[in-house]
Amino acid sequence: MMISVRVNLGARSYNIYIGNGILAGLGSWVRECADGEQALLVSNRKVLSLYGPMVSNSLAEHGYRVVSVEIGDGEKYKNMATLEKLYDQAYSSGLDRHSPIIALGGGVVGDVAGLAAATYLRGVPFVQVPTSLLAQVDSSVGGKVAVNHPRGKNIIGAFYQPTLVVADTRALRTLPPREIKCALAELIKYGIIGSAGFFNWLEENIDKLLALHEGALVYAVAAACKSKAQVVEEDETEQGRRAILNLGHTAGHAIETLSGYGVFCHGEAVAIGTAAAARLAEAMGLLPADQARRIVDLLNRAGLPISLPPTLDSDKMIAVMRRDKKSHAGKLAFVLPLAIGSVQVCDDLPEELIRQVLF
């Protein structure tokens, strides 16, 4: 079973292939969109040991000389030092502007490799091969690439669309349960921002996803990719509508920043932020109470946290949220649900109400 999703962005258009057991076909798809002779394969140690040989062999069969580079595993390695390591390897390996950089792994690998691809020789082909559910449903699609800075998450980055995305759901079998749960926060987000039907499907099938049911996974990943592709096509560089994809991220990014990257996985932080957004929208009279409960209940059924950690300093939390990229002139801005399937960006929210609801 394989589903293809097209992201239509003119000259930057690309295909997303989603299926179970499709990784061996990677080389043929890469060759269709990158005519270089070398390929830089970026991954971490665990993923490289599991899937590196299959990917390298597939690329070699289609004429690529593959150079593999291993980076650290975890958000703390999404930094300038790792980026410089990729530049060094690309240069010493003789990569030219036709040589693809291929990200094999989760969101950290994709973000760092993507920023390297965007900036090395002013841009080389970039292929996303996400092996985590979170990367398959979110970070591998849409062209956001970045590294973190000690003062904030993803503040050094670019918009750089991949040339190709290949998401093999069979790779999800090797993930720990926590990573599957973390990704469900982003899937739930897609239902809230634009598809009540998908949210209903998630309510009915959340247990299948937790159990890694093959058909449910392929369907859910494809549905998420279609939803994100539609938003990205309308607003590629987040000048307006694309901001709705940040539901749960205002508080979520602040939690990650203040807790230290890696204490909460991204999906856990987004889940807390999404529950907070639902409660805030209910308190403002924007979201019916029964729909707010459904949102929080589904996050809870997915095994995700739904409350802010009590150890977080509220003043620091507010300060970090004021620097969120949706904010202007230090005003607090949140994506808030108006109904399941509809959201809007609300700026200049009263700090007193946010403190009351979140803390």
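The values are calculated or read from the model by the stated rules, or taken from the named source; none is laboratory data. This structure is a prediction, so every number in the text was calculated from the model and none was measured. In this analysis, Cβ positions are derived from the backbone assuming ideal geometry, glycine residues included, and neighbour counts consider all displayed protein chains.
Look at residue 303 and say whether it is touching a residue at least 60 places away in the same chain (Cβ under 8 Å), assigned by TED's automatic domain parsing to the domain that holds residue 203, under 18 Å from residue 185 (Cβ atoms) and in contact with a Gly (Cβ under 7 Å, 6 or more places away or on another chain). Considered against the rule, which asks whether it is touching a residue at least 60 places away in the same chain (Cβ under 8 Å), assigned by TED's automatic domain parsing to the domain that holds residue 203, under 18 Å from residue 185 (Cβ atoms) and in contact with a Gly (Cβ under 7 Å, 6 or more places away or on another chain), residue 303 comes out as no.
So which of 90, 81, 60 ends up being within 22 Å of the chain's Cα centre (by Cα), part of a helix (DSSP H, G or I), at pLDDT 95 or above and not basic (Lys, Arg)?
Numbers: 90 fails: within 22 Å of the chain's Cα centre (by Cα); 60 fails: within 22 Å of the chain's Cα centre (by Cα).
Every option except 81 fails the conditions.
Hey, any hits in the range 318-328 for a residue that's touching a residue at least 60 places away in the same chain (Cβ under 8 Å), touching a Leu at 6+ places or on another chain (Cβ under 7 Å) and in a helix (DSSP H, G or I)? Yes, there is a match, as at least one residue in the range 318-328 is touching a residue at least 60 places away in the same chain (Cβ under 8 Å), touching a Leu at 6+ places or on another chain (Cβ under 7 Å) and in a helix (DSSP H, G or I).
Of the residues that make up the range 32-42, is at least one closer than 26 Å to residue 186 by Cβ, part of a strand (DSSP E or B) and touching a strand residue (DSSP E or B) at 6+ places or on another chain (Cβ under 9 Å)? Yes, there is a match, as at least one residue in the range 32-42 is closer than 26 Å to residue 186 by Cβ, part of a strand (DSSP E or B) and touching a strand residue (DSSP E or B) at 6+ places or on another chain (Cβ under 9 Å). Among the candidates 252, 267, the residue that is within 15 Å of the chain's Cα centre (by Cα), within 23 Å of residue 203 (Cβ to Cβ), buried (at least 16 other Cβ atoms within 10 Å of the Cβ) and without any contact (Cβ under 8 Å) to a residue 40 or more places away in the chain is uniquely 252.
Provide a single number: the residues in the range 1-31 that are without any contact (Cβ under 8 Å) to a residue 12 or more places away in the chain and either in a helix (DSSP H, G or I) or under 26 Å from residue 212 (Cα atoms) (or both).
Within the range 1-31, the subset without any contact (Cβ under 8 Å) to a residue 12 or more places away in the chain is 10-11, 13.
Now narrow it down to the ones that are either in a helix (DSSP H, G or I) or under 26 Å from residue 212 (Cα atoms) (or both): 10-11.
Selection size over the range 1-31: 2.
I'd like to know if the range 92-100 contains one or more residues that are under 21 Å from residue 132 (Cβ atoms), out of contact with any Gly (no Cβ under 6 Å at 6 or more places or on another chain) and not charged (D, E, K, R). Write out each step before concluding.
If we filter the range 92-100 for residues that are under 21 Å from residue 132 (Cβ atoms), which is where we start, we get 100.
From what's left, out of contact with any Gly (no Cβ under 6 Å at 6 or more places or on another chain): 100.
From what's left, not charged (D, E, K, R): 100.
Yes: one or more hits.
Do we find a residue being crowded, with 19+ Cβ neighbours inside 10 Å and within 21 Å of residue 192 (Cα to Cα) anywhere in the range 309-317? For the range 309-317, residues crowded, with 19+ Cβ neighbours inside 10 Å and within 21 Å of residue 192 (Cα to Cα): absent. With respect to the conditions (1) without any contact (Cβ under 8 Å) to a residue 60 or more places away in the chain; (2) in contact with a His (Cβ under 6 Å, 6 or more places away or on another chain), residue 35 falls short on a single one, namely (1). Screening 294, 301 for residues that are under 18 Å from residue 179 (Cα atoms) and either modelled with pLDDT of 90 or more or surrounded by fewer than 20 Cβ atoms within 10 Å (Cβ to Cβ) (or both) leaves exactly one candidate, 301.
Only one of the listed residues (233, 204) is without any contact (Cβ under 8 Å) to a residue 24 or more places away in the chain, out of contact with any helix residue (DSSP H, G or I) (no Cβ under 8 Å at 6 or more places or on another chain) and either not in a loop (DSSP other than H, G, I, E, B) or not assigned by TED's automatic domain parsing to the domain that holds residue 351 (or both). That residue is 204. Among the residues making up the range 289-300, a single one is small (Gly, Ala, Ser) and either free of Cβ contacts under 8 Å to residues at least 12 places away in the same chain or not assigned by TED's automatic domain parsing to the domain that holds residue 184 (or both): 289.
Could you pull out the residue among 183, 158, 171 that is outside any loop (DSSP other than H, G, I, E, B) and under 14 Å from the mean Cα position of the chain (by Cα)? So that I can check it myself, show each step before the final result.
On the way: 158 fails: under 14 Å from the mean Cα position of the chain (by Cα); 171 fails: under 14 Å from the mean Cα position of the chain (by Cα).
Only one candidate qualifies: 183.
Is it true that some residue in the range 113-127 is in a strand (DSSP E or B), surrounded by 16 or more Cβ atoms within 10 Å (Cβ to Cβ) and within 23 Å of the chain's Cα centre (by Cα)?
Here is the first cut: in the range 113-127, the residues in a strand (DSSP E or B) are 126-127.
Narrowing the set further to residues that are surrounded by 16 or more Cβ atoms within 10 Å (Cβ to Cβ) leaves 126-127.
Checking which are within 23 Å of the chain's Cα centre (by Cα) leaves us with 126-127.
Checked against the condition, which is being in a strand (DSSP E or B), surrounded by 16 or more Cβ atoms within 10 Å (Cβ to Cβ) and within 23 Å of the chain's Cα centre (by Cα), the range 113-127 yields at least one hit.
Among the candidates 50, 26, 86, 104, the residue that is crowded, with 20+ Cβ neighbours inside 10 Å and farther than 25 Å from residue 223 by Cα is uniquely 86.
Just wondering, is there one or more residues in the range 246-254 that are closer than 28 Å to residue 13 by Cβ and hydroxyl-bearing (Ser, Thr, Tyr)?
Our first condition is that a residue be closer than 28 Å to residue 13 by Cβ; within the range 246-254, this holds for 246-247, 249.
Right, trim to hydroxyl-bearing (Ser, Thr, Tyr) and you get none.
No; the residues of the range 246-254 include none that is closer than 28 Å to residue 13 by Cβ and hydroxyl-bearing (Ser, Thr, Tyr).
Here the condition is being over 23 Å from residue 233 (Cα atoms), buried (at least 21 other Cβ atoms within 10 Å of the Cβ) and not assigned by TED's automatic domain parsing to the domain that holds residue 236; of 92, 99, 140, 68, it holds for 99 alone. Checking each residue in the range 238-282 for being of a type in the set (S, T, N, Q) and modelled with pLDDT of 90 or more picks out 246, 250, 274.
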